[in-house]
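These notes are about the structure you will find just below.
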Amino acid sequence: MNIRRPNCRQPVKGGIQPMDGTETAFPVQQALIQIRENVGPGLTDAISVEASGSPYKIQTALTVYPENEEQTAKLVRLAAANDYGIVPQGGATKDAQGGVTGKADLLVSMKKMSGILHHSVSDLMVTALPGTTVAELQQALRREGQFLPIDPAWGEQSTIGGMIASNGSGPKRALYGSARDHLIASRVVLADGSVIRTGAKVVKNVAGYDMNKLFVGSMGTIGILTELTFKIRPLPVSSGMLVYCPGNGGAIRQLHETLLDSQLEPCAAELISSAVAGELFGKAEPALAILFEDVEASVSYQLEWVKSYAAGMGLKPLAELRGFEATEPVVERLRAVTPNSNEMPSGRLAAALKLLSSLTDVPGISELAAASAERAGLQLQFSGGLYTGISHAAVYGDWWQLEDVVQWMKQMYASLGELNGTAVAAFAPKQVRSSVASWGTERSDHGLMQGIKQQFDAANLFNRGRFVGGI
């Protein structure tokens, strides 16, 4: 059986383009034999390119499940020798993020490379395989009173390898930082099948270039992560959340600016759209959720400070939640504003943007997103980080509204540009990503990023066309 594929391998100015616009046949049976003989038996799953009808899923001719780093390296060498394109994949929750690629040949799933290799409780470090889900890792760490302070969405499905490759994080980034702040070492299979080690398994390391950060957010375009080491933290003792519906933009801005000028340290402070607030708290109005995590005395003091100031503005909390059992479901819902490729039905149209701006512009961006979605007749879900400047906006509609979704995204791109911000498509079907620039407007560092791709993957083996500018 042969599968038709675009003849697309050579990097050119402006991105990765087909060499001649023709298609070549991907030899599935030949590849199966090669993988069985050169990599190992029982690692493949043949899937027709047309079999997956979901516009939110990556389509390849063959799926391969390496079980260790050696098999991964052998597979990459085999692919390089035969000109097979590779798409690395973790939990597949972000299949609908990034540029639309040609039909790649091999989807390399890391699901079988799962588990914790080493956990140093006293040194606050953990080393795990890339297919380990975030939830699995957190559960194991929690037994020792510790946790990894990165909180991407869909933790039951998201893998730590995918989290690093996509630079995933959630609302708690406001206090704990991003993936770049916690990854201290990794092992990576490069495009020639060689394996490199980056960083060091020590909390403080000042030797050489910090290569770890090169792979964070690279979307699997320059290598396949096979091992990751993180610095971790003790679990916080207490948690508390206040939720307000200020009723107008002026009150939201006043409360926001006061919080920024204070000595408080929220774990998260999110501006929530009416639809999400109605679902969570029973009142469909824009809301502000402020979360604190620390020792009990600190959490109580900060909650009382906010309540006292808000009372002076004439505001009463819509909800006050205490304890992780009460606050964590709210945070999990806010993480999930951006949809999951595994769970979005093909019959429903959805698209989401990740919006980066100054902190003080977040309330205005929330209003822009709501107004433009309402004009287009689309349903909006929004969560904006008042301490991070990172907002997530998702719209839902019917497929006949495809052009409305495209125009909404383009309008948000333009609006963020006027604010010196950035918008990227965090989730969208292929039809939308074919019509808009998934990574937003042209970037000044595109040439540098092309140079890095050329240096690490000159043959364009990994995830072609997925990253910024078609890299």
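Worth a mention:
- On inspection, Ala310 fails the criterion of being within 24 Å of the chain's Cα centre (by Cα) and either within 19 Å of Val432 (Cα to Cα) or in a helix (DSSP H, G or I) (or both).
- Residues of region 131-186 classified as touching a Cys at 6+ places or on another chain (Cβ under 8 Å) and either without any contact (Cβ under 8 Å) to a residue 24 or more places away in the chain or part of a helix (DSSP H, G or I) (or both), total: 3
- Checked against the criterion of being touching a residue at least 24 places away in the same chain (Cβ under 8 Å), of a type in the set (A, V, I, L, M, F, W, C) and within 27 Å of Val424 (Cα to Cα), the candidates Ala310, Ala319, Ala275, Ala326 yield just one match: Ala275.
- Within region 406-462, considering residues that are acidic (Asp, Glu) and in contact with a helix residue (DSSP H, G or I) (Cβ under 9 Å, 6 or more places away or on another chain), the one farthest from Arg348 (Cα to Cα): Asp445
- Each residue in region 79-114 was checked for being touching a Cys at 6+ places or on another chain (Cβ under 6 Å) and surrounded by 24 or more Cβ atoms within 10 Å (Cβ to Cβ), and 0 pass.
- Qualifying residue in region 49-60 (condition: under 30 Å from His446 (Cα atoms), modelled with pLDDT under 75 and either out of contact with any Pro (no Cβ under 8 Å at 6 or more places or on another chain) or not acidic (Asp, Glu) (or both)): no
- Contact map, region 34-54: residues that are within 14 Å of Thr72 (Cα to Cα) paired with residues that are modelled with pLDDT under 90 and among the polar types (S, T, N, Q), Cβ distance under 9 Å, separation 6+ or inter-chain. Pairs shown: Ile35/Thr44; Arg36/Thr44.
- The residue that is modelled with the highest pLDDT, among those in region 437-455 that are hydrophobic (A, V, I, L, M, F, W, C) and surrounded by fewer than 20 Cβ atoms within 10 Å (Cβ to Cβ), is Ile452.
- Residue, farthest from Pro171 (Cα to Cα), within region 413-422, restricted to residues that are of a type in the set (A, V, I, L, M) and part of a helix (DSSP H, G or I): Ala414
- Condition met for Ser120 (among the polar types (S, T, N, Q), surrounded by fewer than 18 Cβ atoms within 10 Å (Cβ to Cβ) and either more than 28 Å from Val28 (Cα to Cα) or within 13 Å of the chain's Cα centre (by Cα) (or both)): yes
- Of Gly240, Gly278, all but one fail to be closer than 24 Å to Ala153 by Cβ, part of a strand (DSSP E or B) and of a type in the set (Gly, Ala, Ser); the exception is Gly240.
The values are calculated or read from the model by the stated rules, or taken from the named source; none is laboratory data. In this text the structure is predicted, and so the values were computed from the model without any measurement. Quick reminder, even Gly has a Cβ in these numbers, built from the backbone with ideal geometry, and neighbours come from all protein chains shown.
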